[in-house]
2 protein chains.
Amino acid sequence: MPEYKLYYFDARGRAEPARLILNYAKIPFEDVRVSKEEWEKVKGDKTRFPYGQMPVLLIDGTPLAQSNAINRYLAVEAGLAGENNLERGQIGQIEETCRIFNDSLGLYRRSLLLQTPNQETLFNNLFVPTCEKQLPVIEEHITSNGFFHSSGVTYVDLFFADLFKTFYSLHQDILGKYPKLVEHMNKVHALPELQEYLSKRGENKF
Amino acid sequence: MPEYKLYYFDARGRAEPARLILNYAKIPFEDVRVSKEEWEKVKGDKTRFPYGQMPVLLIDGTPLAQSNAINRYLAVEAGLAGENNLERGQIGQIEETCRIFNDSLGLYRRSLLLQTPNQETLFNNLFVPTCEKQLPVIEEHITSNGFFHSSGVTYVDLFFADLFKTFYSLHQDILGKYPKLVEHMNKVHALPELQEYLSKRGENKF
């Protein structure tokens, strides 16, 4: 097995799905948390950060960047990406649908992080309508096993449950309207494979 | 081999990479071009269009939606996604970087399609700075074989060359500043495997 080092800030953000995948499969890795001060010093190092961004997964010293590419790579290593190419395609479709939800909320998430004054406007004009439009579509993907794909738990379950948790903790009144997604979030966070990690993980809001 | 039907409008748009992949690998498929009138009648058919959107690839009658998921599925079938999971991860990283470029230009592309009056503003404030920021990064990915990955031609070459061509045909003065990307576009469109398709394809602008 290669030597893995995952670089990101001390936050869940764009690295948490990779951490969940690695922990789920008990794949050893170094979970490197970079402080903002340290990041200013090292972000110019192209041998580790080809785009000057994190997350980056170093695989035997060679960087793999872009969180979604990292997630898909690790998902295959972890056995969380279906059994064959067709299943992977179907899971990939759900990944894309969940990503659209995530990407649509970028401005709102930013306003929360930076505590900008337009938070309420973005809540009313972006967050609420995005949830109302997209969450019913995502909810329809839940299968009889409680996960998104009939083959069982996949990286998209980990990705989406983590994302949903972020917004659920802030807006239970809105996200609580999708009981199957709430159940999905709880089911993922109750997976026995994740308990060791989740119990030692700090409760980062983002 | 499954029976494939690819549904999209009579345009390149979000379906052209899939068409290029299928044609490159000589995988038989029905290239269904849906008129705007026809689309209004059929888009509610969830058995074919789960999100009420195209493109959709029907695989033995079962729909796979989301263009990027379709591309990755087909790329593996076509042998255009590297040799192993690590190579697929590296190619996926470049896919993500090219997608950010594409997604960043969404508003400008829309203004061109709909001929809205804010075209010039979007050209100056969105198109030009996006190119200046992102194309040098993408250009750095070109390897000594002229393609993005050292393993040879991949679906990301087909995806990006098609995208680059759209904007190159409109703004040669801007995109001509990236000679390796111009060469890449030409190299992809000169691939022997694509000549039959390209020669019979209409010259759709988008």
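The values are calculated or read from the model by the stated rules, or taken from the named source; none is laboratory data. All figures in this text were calculated on a predicted structure; none of them were measured in a lab. Don't worry about glycine lacking a Cβ; one is built from the backbone with ideal geometry, like all the others, and counts go over all protein chains shown. Just so you know, the surface numbers come from the protein's heavy atoms only, side chains and all, with ligands and any DNA or RNA stripped out. Shrake-Rupley method; radii C 1.70, N 1.55, O 1.52, S 1.80 Å.
Take A:GLN119, push a point 7 Å out from Cα through the beta-carbon direction, and compare it with the same point in every other copy: 4.2 nm, smallest first.
For region A:195-202, putting each phi into the Karplus relation 6.51 cos²θ - 1.76 cosθ + 1.60 with θ = phi - 60° gives couplings of 5, 4, 5, 5, 5, 9, 6, x Hz, in residue order, rounded to whole numbers and with x for Gly and Pro. Applying both filters, DSSP loop and at most 16 other Cβ atoms within 10 Å, to the GluC sites (Glu not before Pro) of region B:125-183 gives B:GLU140. The residues of region A:67-111 present an accessible area of 33 Å² per residue when probed at 1.4 Å with all protein chains retained. For A:LYS187, the lysines whose Cα comes closer than 26 Å to its Cα, not counting residues fewer than 8 places off in the same chain, are A:LYS26, A:LYS133, A:LYS165, A:LYS177, A:LYS200, A:LYS205. Ascending distances from the A:SER144 label point to its copies in the other chains, with the point 7 Å along the Cα-to-beta-carbon line: 5.6 nm. For B:GLU38, the distances from its label point to the matching points in the remaining copies are 5.8 nm, ordered from shortest, with each point set 7 Å beyond Cα toward Cβ. The trypsin sites (Lys or Arg not before Pro) of region A:119-206 that meet both conditions, a loop assignment by DSSP and at most 12 other Cβ atoms within 10 Å of the site Cβ, are A:LYS205.
Taking every alpha-carbon pair under 8 Å whose residues sit at least 6 apart, region A:4-79 reaches a relative contact order of 38 percent. Among the protein heavy atoms of region B:27-121, carbon and sulfur supply 49% of the accessible surface, probe 1.4 Å, non-protein parts ignored. Restricting to bridges with both residues inside the protein assembly as shown, how much of the DSSP beta-bridge set is antiparallel, in percent to the nearest 5? Bridges in the protein assembly as shown that DSSP calls antiparallel: roughly 65 percent. ³J(HN,Hα) across region B:73-86 via Karplus (A = 6.51, B = -1.76, C = 1.60, θ = phi - 60°), whole Hz, x for Gly/Pro? Each residue's phi maps through the Karplus curve to give 4, 5, 4, 5, 4, 8, x, 10, 9, x, 8, 8, 5, 5 Hz. Under Stokes-Einstein, with the Kirkwood radius over Cα pairs as Rh, the value for region B:1-91 at 4 °C and 1.567 mPa s is 95 µm²/s.
For a label point 7 angstrom out from the Cα of A:GLU193 toward its Cβ, which stretches of region A:9-48 have the backbone nitrogen within less than 19 Å? What the label zone holds, given the 19 Å backbone N cut-off, is A:15-31.
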